[in-house]
1. Hey, could you check region 36-55 for residues that are surrounded by fewer than 16 Cβ atoms within 10 Å (Cβ to Cβ), touching a residue at least 12 places away in the same chain (Cβ under 8 Å) and within 21 Å of the chain's Cα centre (by Cα) and say which is farthest from G129 (Cα to Cα)?
2. Can we say R122 is open to solvent by 20 Å² or more (accessible area, probe 1.4 Å), farther than 22 Å from G55 by Cα, part of a strand (DSSP E or B) and among the basic types (K, R)?
3. Filter region 156-170 down to the residues that are in a helix (DSSP H, G or I), open to solvent by less than 20 Å² (accessible area, probe 1.4 Å) and in contact with a strand residue (DSSP E or B) (Cβ under 8 Å, 6 or more places away or on another chain), then identify the one that is nearest to G67 (Cα to Cα).
4. Of all the residues that make up region 79-113, how many are open to solvent by less than 20 Å² (accessible area, probe 1.4 Å) and in contact with a Lys or Arg (Cβ under 7 Å, 6 or more places away or on another chain)?
5. Residue by residue through region 125-155, note down the ones that are among the charged types (D, E, K, R) and surrounded by fewer than 13 Cβ atoms within 10 Å (Cβ to Cβ).
6. Out of (1) under 19 Å from the mean Cα position of the chain (by Cα); (2) within 21 Å of V50 (Cα to Cα); (3) hydrophobic (A, V, I, L, M, F, W, C), what's the single condition that is false for A140?
7. Just one of the numbered conditions (1) surrounded by 14 or more Cβ atoms within 10 Å (Cβ to Cβ); (2) modelled with pLDDT under 95 is not true of E117; which one?
Amino acid sequence: MKQVSPVLLLCALALAACGGSNPARFLPEVAGSVPQQRLRIATIELRDIVLPAYGSAADILSEGPDGALKALKGAEWADNSAEALTADLARRLDLGGTASVAAEPWPLSEPADIRLEVRIDRILAARDGTFRISGQFAVASPDLRMREFLERFAISVPLTDPTPAGIAAAYGRALDDLSSRILLRLAR
């Protein structure tokens, strides 16, 4: 029988000990089926969403009584990148409207009818029991298939449960609200 190296044994024990400290990972909640909004365009390219630095962090943050954003212990976003949020919003827009929506880079040889840009300047679980997201979205139409525009948004949804799961649920509802607002604006 072969003997196990003491160094190898210590490394294995150290790795096993690290396993217990893995944080729980959360995704923004996904809504059920929604009626499709009839749009005047057939295709939309969603550019990568721009987030504030704290919104790109892996930690799930909550606003404390002093106004400081603090990480919730043992909880992180499953994917904290702007690309993941872009893909999530693209899916919500695609399912909620009659246009085909894809995140950049546009996958088809024929360009999309419009390019949609979303810039988020504030995203937080606020101390007043709401989840807030604000910023602006813009539509560019290179072939002038629709009038270009820029519109600000400010969304606030109730945060009934200040736990990571509750924040993820509120985050999902805020994204649903944002996608609905964008689709309503594109339907005009």
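The values are calculated or read from the model by the stated rules, or taken from the named source; none is laboratory data. Keep in mind that what you see is a predicted model, and the values were worked out from it rather than measured. With ideal geometry, Cβ positions are generated from the backbone for all residues, glycine too; neighbour counts draw on all protein chains shown. Keep in mind that these areas ignore ligands, DNA and RNA; they rest on the heavy atoms of the full protein, side chains included. Shrake-Rupley method; radii C 1.70, N 1.55, O 1.52, S 1.80 Å.
1. Taking region 36-55 first, the residues surrounded by fewer than 16 Cβ atoms within 10 Å (Cβ to Cβ) are 36, 38, 40, 42, 52-54.
Checking the rest, the ones that are also touching a residue at least 12 places away in the same chain (Cβ under 8 Å) come to 36, 38, 40, 42, 52, 54.
Restricting the remaining residues to those that are within 21 Å of the chain's Cα centre (by Cα) gives 36, 52, 54.
Details: Q36: 30, P52: 21, Y54: 19 Å.
Here the residue is Q36.
2. On the way: open to solvent by 20 Å² or more (accessible area, probe 1.4 Å): yes; farther than 22 Å from G55 by Cα: no; part of a strand (DSSP E or B): yes; among the basic types (K, R): yes.
Considered against the rule, which asks whether it is open to solvent by 20 Å² or more (accessible area, probe 1.4 Å), farther than 22 Å from G55 by Cα, part of a strand (DSSP E or B) and among the basic types (K, R), R122 comes out as no.
3. The selected residue is I167.
4. 1
5. First pass over region 125-155, keeping only residues among the charged types (D, E, K, R): 127-128, 132, 143, 145, 147-148, 151-152.
Answer for region 125-155, where residues must be among the charged types (D, E, K, R) and surrounded by fewer than 13 Cβ atoms within 10 Å (Cβ to Cβ): D128, D143, R147, E148, E151, R152.
6. Of (1) under 19 Å from the mean Cα position of the chain (by Cα); (2) within 21 Å of V50 (Cα to Cα); (3) hydrophobic (A, V, I, L, M, F, W, C), only one is false for A140: (1).
7. The one condition E117 does not meet is (2).
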